[in-house]
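Reviewing the structure listed below.
The values are calculated or read from the model by the stated rules, or taken from the named source; none is laboratory data. The structure displayed is predicted, hence computed values, not measured ones. Every residue, glycine among them, receives a Cβ derived from its backbone with ideal geometry; neighbour counts consider all protein chains shown.
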Amino acid sequence: MYLISACLAGQAVRYDAKSYIYPAIQELIASDSAICACPEMLGGLPCPRSPAEIQGGTAQDVLLGTAKIIDSTGEDVTEAFLKGAQQTLMLAHKHRVKVAVLKEHSPSCGSSLIYDGTFSGKKVIGMGITAALLRLHGIDVISEQTFFSRLLTL
């Protein structure tokens, strides 16, 4: 079973209320091989919402309480992101998810690159907090790019 970022499944839940539609992901959902979730919405954040970035450390530091997630207005949204990550993990366990296909660059879902915390558009190696939490619990977390690359090799 796959867990897919809801924004990759055509749901307008991104911070800017946009989404993506990918036929391969739509097919997984239609065949009941995938569930969708948006950690930020599960955490209680609105849509649209101000963009947010991890500041003062890594996703692991956020999980440990030593770094924060701040939105572009300066609001600390860490608790909502943590709640969403926990809700997503519970959903993944409930549905016996093996692989999570999450939106790259997101402070929740990024699996290898995220924004650097300065709102400058610069990306750095790192993970979002949901991706980090799922990996800590043995779930294979990949980006949409990795997912599509794997499809091409089948």
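Against the test of being under 18 Å from A80 (Cα atoms), crowded, with 24+ Cβ neighbours inside 10 Å and hydroxyl-bearing (S, T, Y), the options S111, S106 yield a single qualifying residue, S106.
Within segment 120-138, which residues are more than 13 Å from the chain's Cα centre (by Cα) and within 17 Å of I4 (Cα to Cα)? Scanning segment 120-138 gives H137, G138.
Only one of the numbered conditions (1) in contact with a Lys or Arg (Cβ under 9 Å, 6 or more places away or on another chain); (2) assigned to a loop (DSSP other than H, G, I, E, B); (3) under 20 Å from Y115 (Cα atoms) is not met by E40, and that is (2). Within segment 116-133, residues that are part of a loop (DSSP other than H, G, I, E, B) sit with their Cβ atoms under 6 Å from residues that are polar (S, T, N, Q) and surrounded by fewer than 24 Cβ atoms within 10 Å (Cβ to Cβ), at 6+ positions apart or across chains, in these pairs: G117/Q55; F119/S72; G126/T58.
Inspect all residues belonging to segment 64-77 and state whether any of them is assigned to a loop (DSSP other than H, G, I, E, B), at pLDDT 95 or above and touching a helix residue (DSSP H, G or I) at 6+ places or on another chain (Cβ under 6 Å).
Yes, segment 64-77 contains a residue that is assigned to a loop (DSSP other than H, G, I, E, B), at pLDDT 95 or above and touching a helix residue (DSSP H, G or I) at 6+ places or on another chain (Cβ under 6 Å).
Could you identify the single residue in G56, G44, G74, G65 that is surrounded by fewer than 21 Cβ atoms within 10 Å (Cβ to Cβ), touching a residue at least 60 places away in the same chain (Cβ under 8 Å), small (G, A, S) and over 24 Å from L152 (Cα atoms)? Residue meeting the stated conditions: G56.
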